[in-house]
Structures are given as C-alpha cells and as structure tokens.
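Step one of this worksheet: look at the structure below.
The values are calculated or read from the model by the stated rules, or taken from the named source; none is laboratory data. Nothing here was measured: the structure is a model prediction, and the numbers come from that model. With ideal geometry, Cβ positions are generated from the backbone for all residues, glycine too; neighbour counts draw on all protein chains shown.
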Amino acid sequence: MTRSNILFFFETLYTFTWDALLAAINLVTPSLKPGHIVPKGSPGEGGKWPEYIAPKEGDSRCACPALNALANHGILPRNGRNIPFKDMTHACHTSYNFSSSFSYLTVNYAVHMLKRNYNDSFDLEELNQHNGIEHDASLFRQDAHFDPSQAKPHIPYINELLSSSVEDSSSLLKLEDLAQFSAKRRSEGKASNPEFSLGFLHRIFGSSNSSTLLVTFGGHIPALRTFLTEERIPDGWESSVRSRKGLTFAAFNIGTVNKLESATEKYMKSEKPEEKPEGK
Ligand code: HEM
C-alpha cells in the first residue's frame with residue numbers, strides 16, 4: 001500500500017464512523033418539514049433554483065446528471081471548470097440533502113481517483129475516467145466504447161426507462177423498473193460492447209447512482225424527465241430526503257442500494273437461457 005492508499009483508507013474509515021453517528025442522530029430527531037429541506041441562504045431555498053442555462057460549446061460536463069445540473073444552474077461554475085472539491089461537497093449537501101459525511105465520502109473518492117488533494121480543483125469532464133467512477137451499463141449514457149465523451153445523456157434510454165413504468169395516478173418509478181432496465185443494459189452491453197466490463201464495485205456504483213432517483217427524487221417521473229433530459233432541477237423541486245442530517249451512506253445502502261442490486265441480479269439470472277439437461 002502506498003502512503004496515499006493508507007491515508008485514503010483511514011479517511012474512509014473515519015467518514016464511516018461520522019456517517020454512522022449522523023445516521024443515529026437522524027433516527028432520534030424529527031424530520032425536516034417540506035419547504036425547508038434546502039438550508040436558509042443556500043441556492044434552491046424554498047424551491048427557488050438559480051437560473052438554468054444549458055451548457056455551451058467548450059463547457060466541461062460529466063456523466064453525472066446531478067453534478068451537471070448544479071453547473072447548469074450556476075451553483076457550481078457554469079463552465080464546469082476549476083471546481084474546488086470542497087465546493088462540490090457543500091453543493092451536494094445543501095442542494096440534494098446528502099449528509100455531509102456521504103457528500104464528503106463520494107467527493108473524496110473522486111479526489112483519490114484523480115490523485116489530487118481535497119483542497120484542489122478539477123473540471124467535471126475529469127470524472128469521466130472510464131472504470132474510475134464512470135462505468136459501462138449505466139442507465140443514461142451509452143458505454144464509453146460507443147460514446148467516449150460521456151457529457152450528454154442518451155435520450156432514448158431515458159424515454160425507455162421512464163415509459164417502462166406503468167403510469168399510475170402518482171406516476172412513480174419503482175425499484176423493480178430500475179432493476180429490470182439495469183439488467184437489460186448489462187445484458188445488452190455484454191452482447192454488443194467488445195470492451196464491456198462491469199466488476200463488483202462498478203455494479204454497486206451503478207445501483208447507487210440509480211437508487212438516487214428513488215431516494216432523492218422519490219421516483220417522481222415528471223421531475224425525473226426534466227432532471228435527466230435537460231440536467232435541470234425543476235422549479236419548486238426539493239429533495240425527497242427529509243432526514244435532519246441528510247441522506248447517510250448507511251441508510252442509503254441498507255435501505256435501497258442493496259435491494260436494487262439484488263433485484264437487478266435476479267433479473268439478470270432470469271434472462272439467462274435455461275441450460276439443457278445433458279444428452280438432449
Ligand atoms: C457527490 C459527488 C458525486 C460524484 C463524484 C458523482 C459522480 C458520478 C459519475 C462519475 C457518474 C457516472 C457513472 C456512470 O458511468 O454511470 C455518476 C452517475 C450518476 N449520478 Fe452522480 N456523482 C455525485 C453525486 C450525485 C448526486 C448527489 C446524485 C443525485 C442526487 C447523483 C446521481 C447520479 C445518477 C442518477 C447517475 C446515473 C447516470 C447513469 O446511469 O447514466 N450523483 N455520478
């Protein structure tokens with residue numbers, strides 16, 4: 001292990017402890033009231049998000065709709081460049097109500113991946129490093145083999161997922177819809193992408209990213225359509241996470257990510273052709 005790996009290990013261990021503490025506080029404190037999720041004085045307070053401007057030629061964007069949306073609203077620099085890592089941690093915490101521990105954990109993973117320091121800055125496109133956090137079989141980007149840029153969503157995938165759900169009165173995307181679509185993306189990737197790879201860690205990253213649609217957006221299809229297609233935060237929107245200290249890594253993984261990954265694996269197995277008994 002290099003010095004930087006050892007440091008990262010201890011930073012992560014410390015963050016898990018901090019996260020567990022916040023998860024415990026969430027259990028014993030009352031939830032935030034609707035209309036009060038974004039802290040006072042932060043962009044998006046009361047559902048009033050700063051002006052949306054679509055990215056221009058030369059702006060830096062990544063494979064993450066949530067981070068691109070922050071740049072599109074000017075919460076992070078609009079050109080997506082020279083973003084201090086600590087500003088991204090703060091913006092994820094205030095805008096999406098991710099806990100401070102979970103925001104730091106995710107951003108610090110990016111810091112480690114890019115071999116930087118937490119006090120440095122980066123451009124959004126740097127997050128597109130293939131098989132860093134970005135991986136094959138994601139839900140709204142074609143695999144890097146087909147789309148090396150990763151900056152823009154692949155609209156047919158968004159339409160396919162959002163129309164796969166039976167539109168009931170509340171129009172909510174469900175965990176089973178995500179699992180089924182994710183299994184389909186994984187099977188298709190294996191069949192069509194000669195460079196396809198998706199190890200355990202990236203399967204979990206995939207399920208974590210997809211789970212945010214249920215947890216942060218409550219699966220609300222009209223809001224997801226705006227968010228995923230335009231990478232825009234809808235007017236009046238606020239995170240569905242009501243916990244006082246925000247969404248912890250612990251609650252997120254126990255509550256949703258594990259369930260989504262197991263359901264996806266179940267669909268993967270059911271898609272495999274039945275093996276013929278020997279001699280037939
Ligand atoms: C905190 C720092 C964050 C970092 C460093 C980060 C980074 C990334 C990256 C690199 C991807 C691409 C993965 C892929 O190949 O599919 C991604 C995807 C995604 N992220 Fe983030 N993200 C962050 C925060 C968030 C937040 C706060 C949300 C939701 C509120 C979010 C929602 C998503 C979703 C839905 C995808 C899936 C895109 C797809 O499947 O095509 N991310 N993220």
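Among the residues of region 87-113, those that are hydroxyl-bearing (Ser, Thr, Tyr), more than 9 Å from the ligand (Cβ to nearest atom) and in contact (Cβ under 8 Å) with a residue 60 or more places away in the chain comprise Ser99, Ser100, Ser101.
Selection over region 1-54 of residues that are surrounded by 15 or more Cβ atoms within 10 Å (Cβ to Cβ) and more than 25 Å from Asn253 (Cα to Cα) gives a count of 6. Phe196 meets each of the listed conditions (1) farther than 24 Å from Ile37 by Cβ; (2) within 12 Å of the ligand (Cβ to nearest atom); (3) of a type in the set (Phe, Trp, Tyr) apart from (2). Ala69 falls short of the stated requirement of being over 27 Å from Phe140 (Cβ atoms), in a helix (DSSP H, G or I) and modelled with pLDDT of 95 or more. Pairing residues of region 54-77 that are in contact (Cβ under 8 Å) with a residue 40 or more places away in the chain with residues that are acidic (Asp, Glu) and away from the ligand (no atom under 12 Å from the Cβ), at Cβ distances under 6 Å and at least 6 apart in sequence or on separate chains, gives Ser60/Asp123.
When every residue of region 195-216 is checked against the conditions, at least one turns out to be in contact with a Ser or Thr (Cβ under 8 Å, 6 or more places away or on another chain) and part of a loop (DSSP other than H, G, I, E, B).
Anything in region 132-166 that is more than 9 Å from the ligand (Cβ to nearest atom) and part of a loop (DSSP other than H, G, I, E, B)? List them, or say none. Within region 132-166, Gln142, His145, Phe146, Asp147, Pro148, Ser149, Ala151, Lys152, Ser165, Val166 meet the criteria.
For the criterion of being farther than 30 Å from Leu7 by Cα and away from the ligand (no atom under 12 Å from the Cβ), Leu178 fails. Please verify whether Gly35 is in a loop (DSSP other than H, G, I, E, B), of a type outside the set (S, T, N, Q), in contact (Cβ under 8 Å) with a residue 60 or more places away in the chain and over 21 Å from Leu114 (Cβ atoms), treating the condition exactly as stated. Yes; evaluated as a whole, the condition is true for this residue.
Per-residue answers, yes or no, for (1) touching an Asp or Glu at 6+ places or on another chain (Cβ under 6 Å); (2) of a type in the set (Phe, Trp, Tyr):
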| site | (1), (2) |
| --- | --- |
| Phe10 | no, yes |
| Val28 | no, no |
| Glu45 | no, no |
| Lys56 | no, no |
| Thr89 | no, no |
| Ser101 | yes, no |
| Val107 | no, no |
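Tallying residues that are more than 16 Å from the ligand (Cβ to nearest atom) and either of a type in the set (D, E, K, R) or in contact with a helix residue (DSSP H, G or I) (Cβ under 9 Å, 6 or more places away or on another chain) (or both) within region 56-69 yields 3.
Every listed requirement among (1) touching a His at 6+ places or on another chain (Cβ under 8 Å); (2) away from the ligand (no atom under 16 Å from the Cβ) is met by Pro43 save one, (2).
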